[in-house]
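Each remark here refers to the structure printed beneath this line.
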Amino acid sequence: MNKDQLLKKRYRAEKRFKFYGLVSITLAILFVIFLVNVIFSKGRAAFQRTTIAVEVNFNTEELELSSNASIEEIQDADFYDLSINSLLKLYKTEGAKQEKELLRVFSPDHDIEIKNFLIKNLDNLNKNVIVNLTTSDDIDQLHKGNYPRHLPEERRRISDFQLLIYDQLVKENKVNKVFNTFFFTNGDSRNPEVAGIGGSLFGSFFTIIITLILSFPIAIFASIYLEEFAPKNRITDFIEININNLAAVPSIVFGLLGLGILLGTFDLPRSTPLVAGITLSLMTLPRIIIPCRASLKAVPPSIREGALAVGASKVQSVMHHVVPLSIPGTLSGTIIGLAQALGETAPLILIGMVAFVVDIPATPIDPSASLPVQVYLWSEQAERGFVEKTSATIMVLLSFLIVMNFIAVYLRQKFEKKWS
Amino acid sequence: MINNKVKIKTTNLNVYYGDKQALNDVNLEIHSKEVTALIGPSGCGKSTYIRCINRMNDVIDICRVTGSIEIDGNEINKKEIDVVSLREKIGMVFQKPNPFPKSIYDNVSYGPNIHGLAENKVKMDEIVETSLKKAALWNEVKDRLNEPGTSLSGGQQQRLCIARAISVNPEVILMDEPCSALDPIATAKIEELMDELKKSYTIVIVTHSMSQAVRVSQRTGFFHLGKLIEVDTTEKIFKNPNNKMTQDYITGRFG
Ligand SMILES: Nc1ncnc2c1ncn2[C@@H]1O[C@H](COP(=O)(O)OP(=O)(O)OP(=O)(O)O)[C@@H](O)[C@H]1O
Ligand SMILES: [Mg+2]
């Protein structure tokens, strides 16, 4: 082969290589777009809630309240009759069956919704006001255009009569779509139209805080000790190998550990962020120690020698020079470790975080769900409302992860730029 | 000109890195307030030797040092010696400038700070200023003391490292090829500086440049394969060495 042919061959090889690279990147981007698109198109609707405007007369006599009732008094009052009466006025019904069908257009807790409205707007006592009440999941889906209304009646969950009501109300401009704050403030529910991730948001928050509090200091001290002070011998080699092994242990094994030791031996409360946090700390520790040690190792030895040579002690050289330089790597490692913990599902299922919890946890020792487990729970439900909420929860979870990863990248760049 | 007070004396100094012997029975006297140059081919153990004097080899796990190292007649190669106060007395400048990634001011004030040499800010400013002046860097950096030390040029960084070394007022300064990364002008500045510094400090310098050894040092030691082959006044070594190997090395026949 002569020089010319060699040159051509080299160019061809380079072109081919670039082509492979481009193809892989394009494929990767397409997958991401596909994924985001699927989740987004399914989940978007969950951020909207369908409501129907209902006229309610907050007559204190009928409600058996004093004319300037306090919040406590209202809390204790029964709004059921008022609620039923207001709803039945919407459309003319004949017989109990039609009445029932009319009520079923709304979410079952309409009386509580009315009560909460009054508590928020106390000056509406003794007035006739319009309240927007949440519709049932089926009507919600119908209004969002996801409901197969062309099917014959016996194959639909919405009856012909309900369709009549719905169409009439739409004509009267009483059906509205509003931003679904319930999705963020409510706990879980059997009724998809009012189910929310409030509980799992708090659960995840408490869990991550506990994981951070437990794993960050331990990981930092462990990595500083191992990297800077520990003698290099068989024991430290053994520890090193095991840390790497632990980082690769499937997360469900840590769940078993939490189940056996934390719940079994120590009898800690089930389904709580406390247990979840401890379990996830065990899992996260090695995953934080590894990047921490790497960032300590990346500090050039000449910096250590420079400090030692002016008479700094070992601890001083590490604390004054090595650790500050390793901060960006350490922080971003920690954040990425926490982000992994945030998305972790399997170990939480084992420690009982799959329980159906309606109340929003106030402390880390209250039973609670967490975001990924909420996804898992809802994904098993058949109702369309849960399907869109599953995707919406994934969107929330993903946005947290993306924000955390951005913070990690930002911290690394910000601190590294400062001195070089 | 030639000073006869011995500052550092090593007797039967042997150094091993694991099984490998890097220094072999080195007996060398370094005289007070003069510049001693150590020369020799690469890998002969010059760096290893000066790192023994401030016990920097302690940092290397596999390194073992036997024999005696005396400073002002006090043995320092023993466990009970506090290496921190030893290194306060014996400063070191490395081959590659290694300023801390902190401000110029903090680079110089770090040593005095950890040893509590300045009781207040005014005193510290004074130490920083005199150290930078002694290192002939003051005029270039006095307006930018808060800028990072790493933003200086290579030669300036090396002088900053010298200022850092003298900030704790050591008795000895060890320099391991301090000019190997510098251009001739920066080198000339540092050589000038050594002339000045030797009035108050004992200096040991490792160098690969024969001409530099001739210019700055009063005494020269020649190492080869871990052994000290010959040590004498610089004049004698370069004009009329006793050993054939020394002769060959300084005339560039090997190394
Ligand atoms: N940390 C170390 N671990 C193992 N061996 C080492 C270590 N440092 C130095 N050595 C060995 O000790 C011998 C002397 O090395 P030293 O660095 O003292 O040489 P030198 O004279 O300073 O060379 P140069 O002029 O190239 O800097 C060399 O053979 C080297 O391989
Ligand atoms: Mg060397």
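Given the -39500 (n - 2.57) contribution per DSSP H run of 4+ residues, what per-residue ellipticity at 222 nm results for chain B, rounded to the nearest 500 deg cm²/dmol?
When only DSSP H runs of four or more count, the value is -10000 deg cm²/dmol.
From the phi of every residue in segment A:296-308, what ³J(HN,Hα) in whole Hz does the Karplus formula 6.51 cos²θ - 1.76 cosθ + 1.60 yield, where θ is phi - 60° and glycine or proline is x?
Couplings: 5, 5, 6, 6, x, x, 4, 5, 4, 4, x, 5, 4 Hz.
Indicate the residues belonging to segment B:56-91 that lose 20 Å² or more of solvent-accessible heavy-atom surface (probe 1.4 Å) upon moving from the chain alone to the assembly of all protein chains, ignoring ligands and nucleic acids.
In segment B:56-91, residues shielded by partner chains: B:Met56, B:Val59, B:Asp61, B:Val84, B:Arg87.
What's the percent breakdown of Cα-Cα distances in segment A:198-415 across 10 Å bins, shortest bin first?
8, 29, 30, 19, 9, 3, 0, 0
With the other protein chains left in place, how much accessible area per residue, in square angstrom, belongs to the protein assembly as shown at a 1.4 angstrom probe?
Roughly 50 Å² per residue, with all protein chains present.
Relative contact order of chain A: what whole-number percent is it, with Cα pairs under 8 angstrom and at least 6 residues apart?
Value for chain A: 19 percent.
Under the rule a/c < 1.5 gives rounded, and otherwise a/b versus b/c splits prolate from oblate, where does segment A:322-420 land using the Cα gyration tensor?
It is prolate, given that a/c is not under 1.5 and a/b is the larger ratio.
What list of ³J(HN,Hα) couplings, whole Hz, do you get for segment A:394-400 from phi and the Karplus terms 6.51, -1.76, 1.60, once you set θ to phi - 60° and write x for glycine and proline?
Residue by residue, segment A:394-400 yields 4, 4, 5, 4, 4, 5, 4 Hz.
Could you work out which residue, out of A:Thr181, A:Thr207, A:Thr26, moves most in a Gaussian network model of chain A, that is, has the largest mean-square fluctuation with Cα springs under 10 Å?
In the Gaussian network model the winner is A:Thr26.
Would you mind getting the Kirkwood hydrodynamic radius of segment A:363-420 from its Cα pairs, rounded to one decimal in Å?
Taking the inverse mean of 1/r over all distinct Cα pairs, segment A:363-420 comes out at 13.9 Å.
Pairs B:Lys102/B:Lys142; B:Lys9/B:Lys189; A:Lys100/A:Lys127; B:Lys142/B:Lys199; B:Lys20/B:Lys227: which are spaced more than 18 Å apart, C-alpha to C-alpha?
B:Lys9/B:Lys189; A:Lys100/A:Lys127; B:Lys142/B:Lys199
Roughly how many Å² of B:Lys89 are accessible to a 1.4 Å probe, to the nearest 10?
The value for B:Lys89 is about 80 Å².
Mind putting together the pair-distance distribution for the protein assembly as shown? All Cα pairs, 20 Å bins, whole percent per bin, short to long.
Spelled out per bin, shortest first, that is 14, 29, 24, 18, 11, 3, 0.
In Å², nearest 100, what accessible area do chains A and B bury in total when the solvent probe is 1.4 Å?
By this definition, chains A and B bury close to 1800 Å².
Computed FRET efficiency, Cβ-Cβ of A:Ile84 and A:Ala382, R0 30 Å: what is it to the nearest 0.05?
0.55
Among A:Lys42/A:Lys389; B:Lys33/B:Lys89; A:Lys414/B:Lys121; A:Lys314/B:Lys46, which pairs are too far apart, with a Cα-Cα distance over 20 Å?
Flagged as over cut-off: A:Lys414/B:Lys121; A:Lys314/B:Lys46.
Run the numbers on segment A:198-415 and let me know its relative contact order in percent, using alpha-carbon pairs under 8 Å that are six or more apart.
Value for segment A:198-415: 31 percent.
With viscosity set to 0.692 mPa s at 37 °C, what whole-number translational diffusion coefficient in µm²/s follows for segment A:45-180 from Stokes-Einstein and a Kirkwood radius over Cα pairs?
D, rounded to a whole number, is 208 µm²/s.
Express in % the proportion of alpha carbon pairs of chain B at distances exceeding 30 Å.
So the pairs more than 30 Å apart make up 27 percent of the total in chain B.
Skipping prolines and chain starts, which residues have an amide H placed within reach, meaning under 5 Å, of the one on B:His224, given they are 5 or more residues away or on another chain?
HN-HN under 5 Å from B:His224: B:Ile229.
What percent do you get for the relative contact order of chain B when only Cα pairs under 8 Å and 6+ apart count?
Normalised by residue count, the contact order of chain B is 27 percent.
Straight-line reach only, C-alpha to C-alpha below 17 angstrom: list the aspartates and glutamates that B:Lys244 could link to, leaving out same-chain residues fewer than 8 apart.
Straight-distance partners of B:Lys244: B:Glu230, B:Asp232, B:Glu235.
Anyone know which of B:Asn27, B:Asn240, B:Asn77 comes out most mobile in the 10 Å Cα GNM of chain B?
Top of the fluctuation ranking is B:Asn240.
Under 16 Å from the Cα of A:Lys18, which lysines turn up, not counting those fewer than eight places away in the same chain?
Cross-link targets: A:Lys8, A:Lys9.
Need the per-residue list for segment A:298-312: every residue with at least 10 Å² less accessible surface in the complex of protein chains than in the chain by itself, probe 1.4 Å, sorted by number.
Correct list: A:Ser302, A:Ile303, A:Glu305, A:Gly306, A:Leu308, A:Ala309, A:Val310, A:Gly311, A:Ala312.
What does the accessible area of B:Cys63 come to, in Å² to the nearest 10, when a probe of 1.4 Å is used?
Estimated to the nearest 10 Å², B:Cys63 gives 20 Å².
How long are the semi-axes of the equivalent ellipsoid of segment A:6-45, taking √(5λ) for every eigenvalue λ of the Cα gyration tensor, in whole Å from largest down?
Values for segment A:6-45, descending: 39, 4, 4 Å.
Ignoring ligands, DNA and RNA, please state the percent of accessible area on the protein assembly as shown from carbon and sulfur, probe 1.4 Å.
58
Taking loop as defined by DSSP and a crowding limit of 12 other beta carbons within 10 Å, which trypsin sites (Lys or Arg not before Pro) in segment A:91-120 fit?
A:Lys92
Counting only GluC sites (Glu not before Pro) that sit in a DSSP loop (anything but H, G, I, E, B) with at most 14 other Cβ atoms within 10 Å, what is the longest stretch of chain A containing none of them?
Of all site-free stretches, the longest is A:173-379.
Give me the number: length gained by fully extending B:Thr66 to B:Ser151, i.e. 0.36 nm times residue separation minus the C-alpha to C-alpha distance, one decimal in nm.
26.5 nm
Based solely on C-alpha atoms, express the radius of gyration and the Dmax of segment B:57-157 in angstrom.
In Å, with Rg to one decimal and Dmax whole: 16.6, 48.
The values are calculated or read from the model by the stated rules, or taken from the named source; none is laboratory data. It should be emphasised that the depicted structure is a prediction, and the values quoted were computed from it without experimental measurement. Neighbour counts run over all protein chains shown; Cβ positions are idealised from the backbone, glycine included. Only protein heavy atoms, including side chains, enter the accessible area calculation; ligands, DNA and RNA are left aside. Shrake-Rupley method; radii C 1.70, N 1.55, O 1.52, S 1.80 Å.
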